[in-house]
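**Student:** So that we are looking at the same thing, I have put the structure below in structure tokens.
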Amino acid sequence: MQHEINSSAVRDLILALKPLKQKPKCQLNMASFGACYKLSNEQLTALVDLVLQFQSLFQDDFKGYRLWLERRNGTNYLNLVPSSEKDENSPKLRHVYLSSKEARTLLDLTYVYQHIKIGKGFDPKLIHSELCQNAKKLHSRHPYLMEKKGNSLLYPTSLAIKIGAELRIYAKLNRIITTLKIDKQFIHIGDE
């Protein structure tokens, strides 16, 4: 029997579990959580089973790997790469696909980072800052372009800064760019 579960309930349950790492003796009252989302007992049980299944998947099957979202030819692909391949020189990252909107966002972020904030990161928790929210989205889709450091701020990687500099040159010349080659990477820009 299949149970319909609201995606916001799944997300909020995972976010509610996050603070438990700092307080291992704390517990999350599932009855209260189910009452907040008006979930039946069957739905609540299905939600817990789903979260435990994800835990098993990431602990056992995906151990040593990480997921990242890639957009290519107008289609999103979820990729699984070894955790050791975090740098932008990874052979898996030879071809980077950005939409036009993501390229404009990257251009704005690198410009602000280099010329206005002068080395200060972007706080993904600021919900009223469109630039910070764009940095958060770019980090979730392209973690090799935005990195999170110890202070939980997002910073452009060296590859992102190089791409931003090239994009700035083409923007000043008012020219459209579809492919860039930076070091060993090919950056494809476009919505098709």
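**Student:** Please tell me if Tyr144 is aromatic (Phe, Trp, Tyr), in contact with a Phe, Trp or Tyr (Cβ under 9 Å, 6 or more places away or on another chain) and closer than 20 Å to Tyr77 by Cβ. Explain how you work it out, then say what you get.
**Tutor:** Working: aromatic (Phe, Trp, Tyr): yes; in contact with a Phe, Trp or Tyr (Cβ under 9 Å, 6 or more places away or on another chain): yes; closer than 20 Å to Tyr77 by Cβ: yes.
So Tyr144 passes the test.
**Student:** Looking at (1) part of a helix (DSSP H, G or I); (2) without any contact (Cβ under 8 Å) to a residue 12 or more places away in the chain; (3) among the hydrophobic types (A, V, I, L, M, F, W, C), find the lone condition where Cys26 falls short.
**Tutor:** It is condition (1) that Cys26 fails.
**Student:** Okay, next question. Is it true that some residue in segment 142-163 is surrounded by fewer than 17 Cβ atoms within 10 Å (Cβ to Cβ), of a type in the set (Val, Ile, Thr) and outside any helix (DSSP H, G or I)?
**Tutor:** No, segment 142-163 contains no residue that is surrounded by fewer than 17 Cβ atoms within 10 Å (Cβ to Cβ), of a type in the set (Val, Ile, Thr) and outside any helix (DSSP H, G or I).
**Student:** In addition: What is the number of the single condition among (1) farther than 26 Å from Leu138 by Cβ; (2) modelled with pLDDT under 70; (3) surrounded by 10 or more Cβ atoms within 10 Å (Cβ to Cβ) that Pro24 does not meet?
**Tutor:** So the condition that Pro24 fails would be (3).
**Student:** I'd like to know if segment 163-171 contains one or more residues that are within 14 Å of the chain's Cα centre (by Cα) and without any contact (Cβ under 8 Å) to a residue 60 or more places away in the chain. First the steps, then the outcome.
**Tutor:** Taking segment 163-171 as the starting set, the residues that turn out to be within 14 Å of the chain's Cα centre (by Cα) are none.
Checked against the condition, which is being within 14 Å of the chain's Cα centre (by Cα) and without any contact (Cβ under 8 Å) to a residue 60 or more places away in the chain, segment 163-171 yields no hits at all.
**Student:** Test Thr105 against the criterion of being surrounded by 19 or more Cβ atoms within 10 Å (Cβ to Cβ), at pLDDT 85 or above and touching a Pro at 6+ places or on another chain (Cβ under 6 Å), and give yes or no. Working first, answer last.
**Tutor:** Values: surrounded by 19 or more Cβ atoms within 10 Å (Cβ to Cβ): yes; at pLDDT 85 or above: yes; touching a Pro at 6+ places or on another chain (Cβ under 6 Å): no.
For Thr105, the condition - surrounded by 19 or more Cβ atoms within 10 Å (Cβ to Cβ), at pLDDT 85 or above and touching a Pro at 6+ places or on another chain (Cβ under 6 Å) - is not met.
**Student:** Within segment 113-141, track down each residue that is in a helix (DSSP H, G or I), hydrophobic (A, V, I, L, M, F, W, C) and in contact with a helix residue (DSSP H, G or I) (Cβ under 8 Å, 6 or more places away or on another chain). First the steps, then the outcome.
**Tutor:** In the first step, residues of segment 113-141 are kept if they are in a helix (DSSP H, G or I); the result is 113-116, 130-141.
Filter again for hydrophobic (A, V, I, L, M, F, W, C), leaving 116, 131-132, 135, 138.
Within segment 113-141, Leu131, Ala135, Leu138 qualify.
The values are calculated or read from the model by the stated rules, or taken from the named source; none is laboratory data. Because the structure is a prediction, the values reported are computed rather than measured. FYI the Cβ positions are ideal-geometry reconstructions off the backbone, even for glycines, and counts take in every protein chain you see.
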